[in-house]
Amino acid sequence: MQPSDFINIYEDVAQVIALAVFAFAAFRAITIGRALVNRVYKSRAYFVGALAISGLIGILFPPSSLYFVLLFIVFILVDSAILVALDTDFFHRNTLRWKQIRLAVYALFVAVLIYTLSPDNLVNSLPGIVFDLVVASFLFIFVYTAGAAVVSARRTSDKPLKRFVALAGLLILGYLVNTLLFVFVSELFTPVLLIIFAYIIYLMAMSLSPVGKVEKEIKG
């Protein structure tokens, strides 16, 4: 067998595993969402389910632009989770000025998407400094959002939400790692990272599980 054959097998196996994890995560998220009464938890669970389904679609029908669509969905999920975490902070601290700067992050996100998805002739006609600014903006979006998620998770008094927001921050940080590896190293890391993303999404769904809360209360 040629090295390319092993790579193809490796990618196929990784995609099958990721498909299975995404499917189970979607099932668990929707099931948990239906069982929850709290609207905040319920909406988070359904959002996670939608994200898992998007992951399934991305593997089965991978258009080139889906990466950015999924990333935007992840960002919206993380943004909403951070806002909820800020509301549950006992001191109601505006962590890293997220309530104001998130608007600038959305604007940067839209600008990066327009630039990235624009026709090649438009991209090539722009000066090199614009590309550098786009890369810097993209890194800022990832790092700042992940940082706000981690800090706000530490400050909330809601334990299930604390874990959920921390996992959301880990997810968007994972997207940064995947992007850097894909662009500057090799795309061979992507299949493994896809499995990790799927598992993090599963953990996010399970962090909202009412069964887990009941078991902890009984043990306590």
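The values are calculated or read from the model by the stated rules, or taken from the named source; none is laboratory data. The structure presented is a predicted model; accordingly, all values stated were derived computationally and were not measured. Protein only, heavy atoms only, side chains kept; ligands, DNA and RNA dropped before computing areas. Shrake-Rupley method; radii C 1.70, N 1.55, O 1.52, S 1.80 Å.
Using 0.36 nm per residue, how much length does the chain from R34 to I114 gain when fully extended, once their Cα-Cα distance is taken away?
In short, 25.1 nm is gained.
Between rounded, prolate and oblate, where does segment 140-202 land on the alpha carbon gyration tensor, with a ≥ b ≥ c its root eigenvalues, rounded for a/c under 1.5, else prolate if a/b exceeds b/c?
On the way: a/c = 5.27, a/b = 1.80, b/c = 2.93.
Oblate is the answer for segment 140-202, as a/c is 1.5 or above yet b/c matches or exceeds a/b.
Can you give me the accessible area per residue for segment 42-96, using a 1.4 Å probe, in Å²? The partial results should precede the final answer.
Values: 2440 Å² over 55 residues.
That works out to 44 Å² for each residue.
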